[in-house]
1. Could you pull out the residue among 99, 10, 32, 47 that is small (Gly, Ala, Ser) and crowded, with 21+ Cβ neighbours inside 10 Å?
2. How many residues does the stretch 131-150 hold that are touching a residue at least 24 places away in the same chain (Cβ under 8 Å), touching a strand residue (DSSP E or B) at 6+ places or on another chain (Cβ under 8 Å) and assigned to a loop (DSSP other than H, G, I, E, B)?
3. Hey, residue 234 hits all of (1) surrounded by fewer than 22 Cβ atoms within 10 Å (Cβ to Cβ); (2) touching a residue at least 60 places away in the same chain (Cβ under 8 Å) but one; which does it fall short on?
4. Do you know which of the residues in the stretch 1-12 that are hydrophobic (A, V, I, L, M, F, W, C) and part of a helix (DSSP H, G or I) is nearest to residue 121 (Cα to Cα)?
5. Are any residues in the stretch 134-168 out of contact with any Gly (no Cβ under 7 Å at 6 or more places or on another chain), of a type in the set (Asp, Glu) and farther than 21 Å from residue 3 by Cβ, and if so, which ones?
6. Which condition number does residue 227 fail, the rest of (1) of a type outside the set (Ser, Thr, Tyr); (2) loosely packed, with under 15 Cβ neighbours inside 10 Å; (3) within 24 Å of residue 133 (Cα to Cα) being met?
7. Do any residues in the stretch 116-127 that are on the phi < 0 side of the Ramachandran plot have Cβ atoms under 8 Å from those of residues that are of a type in the set (Ser, Thr, Tyr) and in a loop (DSSP other than H, G, I, E, B), where the two are at least six apart or on different chains, and which pairs are they?
Amino acid sequence: MNKKALLNIAIDCAKKAGVEALKYYQSGDYTAEIKDDNSPVTSADIAANDILMQQLKRLTPDIPIISEEVGAVELNKRIDWQRYWLLDPIDGTGEFILASGDFAINIALVENGWPSIGVIHAPDKQVTYYAQTGSGAFKEDQNGAIQPIHVEPYQSKRAIKVAVSRRQKLELIGQYLSNDFEFEYVPLGSCSLKNALIAEGGADCYLRIGPTGEWDTGASHCILEEAGGAIISSEFKALSYNKRESLLNPDFISTGSADIPWQQVIKAHKAER
């Protein structure tokens, strides 16, 4: 099956899972609990995961799957996978619970340790972002119109726009930003939607301080890179996929234009997990 067909499958599956998640969201009829890692999960997450797993197993039975809502696969069983689907059935479960609308279904295809396809579908906004390595990044709006997206060019006199969570303490982010630059904060919900915002030019960077999994970055990593940006660790090193026993990411930085001197703007720090 060629890459274009796999991309179309990922987009279609994300939208189907989004329809299911939206039923729970709009009705408010769902259960919620706290997982062992202290993150929330709802019956909508599980329902969206079920749709994704069923569809992908049926359509691409030879491609294994890693999902946030499925038990971890041991490294010795997955280390030799040449490609696999990487899923976050609902990214931004906390935003789902708060009814902000800032949640999304994430699907990535990881090949040879790197995301080659990325799809982010925001059900409440009816917007889909997607990319495929070497083919650019795109946004489909609620009317079905599709347009290419790119990070915002940088002119040195303007403020650098930092995507932040609505509930995030700005003091925590501020301690990692240089006093030599002017900043503007742009509040938004889920991790992947912040990265998508950078990809379409609505923000310049996002600092994620705290635990995330590879499923949180896989889809948006592909999209952001194809739009001209990057995701790197807080030590300015490349992220990795399927290389370690733990699937947790280090603290990371999502960046837009390469014309911004990021190592002057953001202070590096070590926070390996």
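The values are calculated or read from the model by the stated rules, or taken from the named source; none is laboratory data. Note that the structure is a prediction, hence the values are computed from the model and not measured. Ideal geometry is used to build each Cβ from the backbone, glycine not excepted, and the neighbour counts take in all protein chains shown.
1. Numbers: 99 fails: crowded, with 21+ Cβ neighbours inside 10 Å; 32 fails: crowded, with 21+ Cβ neighbours inside 10 Å; 47 fails: crowded, with 21+ Cβ neighbours inside 10 Å.
Selected residue: 10, the only one of 99, 10, 32, 47 that is small (Gly, Ala, Ser) and crowded, with 21+ Cβ neighbours inside 10 Å.
2. 4
3. (2)
4. Taking the stretch 1-12 and keeping what is hydrophobic (A, V, I, L, M, F, W, C), we get 1, 5-7, 9-11.
Still in the list and also part of a helix (DSSP H, G or I): 5-7, 9-11.
On the way: 5: 18, 6: 16, 7: 13, 9: 13, 10: 10, 11: 8 Å.
It comes out as 11.
5. 141
6. Every condition holds for residue 227 apart from (2).
7. Hits for this filter: 116/133; 117/133.
Yes/no matrix, rows are residues, columns are (1) over 25 Å from residue 19 (Cα atoms); (2) at pLDDT 95 or above; (3) basic (Lys, Arg); (4) out of contact with any Asp or Glu (no Cβ under 8 Å at 6 or more places or on another chain):
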position: 74; (1), (2), (3), (4): yes, no, no, no
position: 84; (1), (2), (3), (4): no, yes, no, yes
position: 99; (1), (2), (3), (4): no, yes, no, yes
position: 111; (1), (2), (3), (4): yes, yes, no, yes
position: 114; (1), (2), (3), (4): yes, yes, no, yes
position: 119; (1), (2), (3), (4): no, yes, no, yes
